[in-house]
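Engineer: Please see the structure below; I have some questions.
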Amino acid sequence: RVRVCVRKRPIHPEEVESLEFDVVTCERGRVTVHDARMHSNMRSMLMHHYEFGFDRVFSEVEGNEAVYRDVASPLVREAARGGYATGLMYGQTGSGKTYTMTAIYERAAAELFACLKEPSSASKMPGESSSGELPELPELRRRQVAVSFFELAGDQCSDLLCGFQKAQLMTGADGSVHAFPLVEVEVFSAEDLMAMIQHGFSVRSTSATGVHNASSRSHAILRVFTFPKPEDGAAQKWPPPEEGVLTLVDLAGSEHRIDSMYHTAQRRKEGAEINASLMALKNVVHQRAHGKDAEHLYRLSKLTMALKNSFKRPGARTSVIACVSPASKDTEHSLNTLKNACVMAVNDGKAKRANNGSSSSSSSSSS
């Protein structure tokens with residue numbers, strides 16, 4: 001199942017000074033975009049209201065703690081218990097993706113090691129009823145943690161923890177896809193894990209664009225592994241205990257043609273590759289949600305290949321946070337983000353009626 005949430009960032013003071021206004025309203029799991037356009041007669045304005053529904057909607061007044069607790073914490077606990085969990089951060093450049101993901105990194109590192117130190121804290125997932133409570137997991141204290149961090153920029157896969165060493169996406173005998181060669185660093189505390197993440201982020205590919213001065217030009221994929229510690233003199237168990245995997249993906253920001261008006265040819269090519277990979281990701285999730293075979297779609301993009309395990313592995317949990325900007329200049333971007341997120345929000349082959357974007361319009365005359 002893919003759980004899709006939306007986060008609206010606050011409007012910035014400089015946007016208000018530029019006479020931008022807030023066009024996004026959030027309430028009770030629904031998002032409404034108010035799209036103001038000039039009528040063809042150039043004398044009146046048309047106002048279209050587009051409404052979308054999602055699993056969870058975070059307004060601009062809700063902080064990072066609320067986002068983490070509701071979306072990311074269940075993923076961390078799933079990985080701590082030996083499961084496979086993935087979090088995707090999606091949206092336009094400048095919508096607050098990296099800001100939100102950075103807060104998630106910090107809290108996830110702390111909670112993961114807290115779960116391993118105190119197994120009872122991982123035995124119950126948020127939202128589970130008492131009847132669904134899992135037994136305490138004392139074996140969590142005997143788990144190790146390792147981390148890998150790589151980026152996908154176009155067709156290039158680079159290791160962020162090993163001086164941008166080039167890697168390839170390899171398919172194993174069981175159909176799973178792994179980046180190789182890739183450094184996996186064992187970490188012993190939340191501080192160690194954050195140090196690795198901060199190092200990777202410091203060398204990630206960024207560039208100034210028409211929207212943001214330090215726009216991410218690559219998809220950053222962090223994987224945190226939890227696996228059993230080998231016991232001295234003990235016979236190896238078969239089948240081996242499950243390896244828990246937490247995958248956190250900070251996707252590159254989507255861009256429209258007008259954003260790249262003053263870009264170089266290289267920047268425009270990067271933007272086209274980013275948009276193509278995001279479109280491939282949306283199509284894979286859409287096919288999976290409708291119970292259709294998406295095997296042929298995974299190879300359309302390096303991004304979908306790298307995330308194949310997140311969708312194919314039985315019992316895997318995936319959550320998407322779609323970030324939107326409230327500024328009127330970003331109306332088209334926000335609508336595009338929400339429409340694509342709606343496609344991803346179709347779960348178990350059944351479309352949620354609330355997730356079909358609806359619109360209404362009104363007009364006003366100007367003298």
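The values are calculated or read from the model by the stated rules, or taken from the named source; none is laboratory data. All values derive from a computational prediction rather than experimental measurement. Because the Cβ atoms are built from the backbone with ideal geometry, glycine has one as well, and the counts that use them run over all protein chains shown. To get the accessible areas, we keep the full protein, side chains included, count just its heavy atoms, and leave off ligands, DNA and RNA. Shrake-Rupley method; radii C 1.70, N 1.55, O 1.52, S 1.80 Å.
Engineer: Contour minus end-to-end for R43 and Y99, with contour as 0.36 nm per residue of separation and end-to-end as the Cα-Cα distance?
Structural biologist: Here the answer is 16.1 nm.
Engineer: Below 13 angstrom from the Cβ of N340, what's the summed charge of the other residues (Lys, Arg +1; Asp, Glu -1)?
Structural biologist: +1
Engineer: So if each residue of separation counts as 0.36 nm, and I subtract the Cα-Cα distance between Q168 and Q144, what length gain in nm does that give?
Structural biologist: Gain in length upon complete extension: 6.1 nm.
Engineer: To continue, here is another question. Run the 1.4 Å probe and let me know the accessible area of M279, rounded to the nearest 10 Å².
Structural biologist: Surface accessible to solvent at M279 totals approximately 90 Å².
Engineer: Using θ = phi - 60° and the Karplus curve 6.51 cos²θ - 1.76 cosθ + 1.60, what whole-Hz ³J(HN,Hα) does each residue of the stretch 310-323 get, with Gly and Pro shown as x?
Structural biologist: Values, residue by residue: 5, 10, 8, 5, x, x, 5, 10, 9, 10, 10, 10, 8, 9 Hz.
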